[in-house]
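The next block holds one structure in the form of structure tokens; read it before the comments.
What follows draws every value from the coordinates through simple rules; no lab data is involved. Predicted, not measured: the structure shown is a model, and the values here were computed from it. Counting neighbours? That spans all protein chains shown, and the Cβs are built from the backbone with ideal geometry, glycine included.
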Amino acid sequence: MKTKRTIYSIVVFISVFWLSVLVGFNIFSDNNADEHVNKSAHISVDSTASQTAYKVKLDALSNKYSSNLASTSDRLYMNEESNPDSQTDQDSNNIIEDVPSIIEENIIEDAPSIIEEDIIEDAPSKIEEDIVQDIVPEVTPSAYADIGISTASTYVNIRDKATIDSEINGKLYKDSAARILDMVGDWYYIESGSVKGYVKNDYIKTGIPDDELVENYGMHRVSISTEGLNVREKPDIEANKLTVVYKNEIYPVIDFYDEWLKVDITDDKVIGYVSREYVELLVDFEKAVSKEEEEELKKLQEEERIKKETKVKYREEVDYTQEELKLLACLVHAEAGNQSYNGKLAVANVVLNRVKSGKYPNSIKAVIYQSGQFTVAKSGSLSKQLDKYEGYSTKSQQLTIKAAKAALSGANNIGSRLYFNSYKTAVNKGYNNKKTCVKIEDHLFW
């Protein structure tokens, strides 16, 4: 209670003091005491509103900084208790000077710190966030950032190590794509198809924009994503249905037509249109070929070429006697008795091609017995077959007669080729390098 009384006494004292100063009274003068009372009464009536507003402010400050004022009042109270008669006007002046300083110190030290803290912690973070969101654009990562394209004139070798002397793992043909895995000096370590290895970076173009990469080097395919999808004759839902394709089947895309894709249904030999809504669009690139794959590819290509080259075609029939049929059949069996029908037919046509060529004699008998041509004629093997001819009854023998008759009737599977030999012997002599050579089982024809 004493503390509260002290605080209120101080506040009232300060209020009266400053009001007295404002109206020109000296509250410490004895001569003016009565006048001061009269004027104070007059002023109190005229300035009630001002005093009320002033007191409200002081109460607010007292509440906010009550701890500081309480501390000050405690000191005053202790002084009163220890020496009640020692309080003077000077002590009062000190109290008046100290209290405002305490209030000002708290206002200066506390209030700005709150404002600055809000400004420093809140405002910049919001501004910086807005700046970051506005200035930094959203970047979509490239799906093909690590893809390179071969610029070699035909192909570039993919080597086991980053040296030109190392083993070749495969070939990356012109315009084929590879994934760049690493870089070692002036070599790229790449992966393409089933091949991994090193390629000189001079032969790889990188940094190609996605659109350009897909348009110039990509191959589009579609994967069917519905259980059954009609292939239409035209890009129209009302167009005729050509066939039906099924889920997970994949077909090459030929062209784009708005919401339709023109596709090649290779199995059905059909080219038609499917709705883009029911397919997944895929992008593929040409890949490298491993050494093993290349050997297999060469083999398949050679088989395809031979198949084409040895496809049976028909020409004008040859007039022949039974004796000529017997001689031709026995020569074929002596040379190719262990071969298939196609092998036997090819040997028979070598004889007939020579008869027709003009470089050799113009009869079957003369061609077969020409010196230095058919070794079986000289060795006695042909003579042995002639002795057996009347008893030809095995499947192989019957097939030989069939092939000889077919050749005489115009069936030809080697074109105009004039020579043949066992494949092993022909390779040893280099005949396999001839452009016209074709291999049929154990023989090479050229």
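Straight-line reach from LYS311: taking Cα to Cα under 19 Å and skipping same-chain neighbours fewer than 8 places apart, the lysines in range are LYS299, LYS344, LYS402, LYS405, LYS435, LYS439. Net charge in the neighbourhood of CYS437 (other residues with Cβ under 12 Å of its Cβ; Lys, Arg +1, Asp, Glu -1) is +4. Distant-in-sequence amide contacts of ILE204, defined by a placed amide H-H separation under 5 Å and a gap of 5 or more residues or a different chain, comprise THR151. At full extension, LYS388 and ILE271 could sit 36.4 nm farther apart than now, given 0.36 nm per residue minus the alpha carbon distance. When you filter the GluC sites (Glu not before Pro) in the stretch 290-327 for DSSP loop state and at most 16 other Cβ atoms inside 10 Å of their Cβ, you are left with GLU316, GLU317. Here's how it looks for VAL222: its modeled amide H is under 5 Å from those of TYR251, VAL253, LEU282, which are all 5 or more places away or on a different chain.
Each other residue within a Cβ distance under 10 Å of ILE180 adds +1 if Lys or Arg and -1 if Asp or Glu, for a net charge of -2.
A simple charge model with +1 on the Cβ of Lys and Arg, -1 on the Cβ of Asp and Glu and nothing else charged puts the dipole of the stretch 219-285 at about 100 debye relative to its Cα centre.
Under the 0.36 nm per residue contour assumption, what length would be gained going from the current alpha-carbon distance of LYS402 and TYR341 to full extension? Taking LYS402 through TYR341 to full extension adds about 21.1 nm, to one decimal.
Name the trypsin sites (Lys or Arg not before Pro) in the stretch 242-324 that are in a loop by DSSP and that have at most 16 other C-beta atoms within 10 Å, would you?
Here the trypsin sites (Lys or Arg not before Pro) that fit, given the DSSP loop and packing criteria, are LYS247, LYS269, LYS311, ARG315.
Sorted ascending by nearby beta carbons within 10 Å, beginning with the fewest, SER381, SER357 become SER357, SER381. If you add up the charges near ILE164, with Lys and Arg at +1 and Asp and Glu at -1, over every other residue whose beta carbon is less than 14 angstrom from its beta carbon, what do you get? Taking every Cβ under 14 Å from that of ILE164, the sum is -2.
Here the label points at ASP264 and MET219, each 7 Å from Cα along the C-beta direction, are separated by 0.9 nm in the simple model. With each label modelled as a point 7 angstrom along the Cα→C-beta vector, the TYR278-ASN240 pair spans 1.9 nm. When each of PHE420, PHE285, PHE13, PHE445 is scored by the number of other beta-carbon atoms lying within 10 Å, the sequence from fewest to most is PHE13, PHE285, PHE420, PHE445. For the stretch 147-213, the relative contact order comes to 36 percent (Cα pairs under 8 Å, sequence separation of at least 6). In this structure, the amide hydrogen of LEU242, modeled 1.01 Å from its nitrogen in the peptide plane, lies closer than 5 angstrom to those of VAL231, ARG232, GLU233, counting only residues at least 5 positions away or on a different chain. Applying both filters, DSSP loop and at most 11 other Cβ atoms within 10 Å, to the GluC sites (Glu not before Pro) of the stretch 211-289 gives GLU227, GLU238, GLU259.
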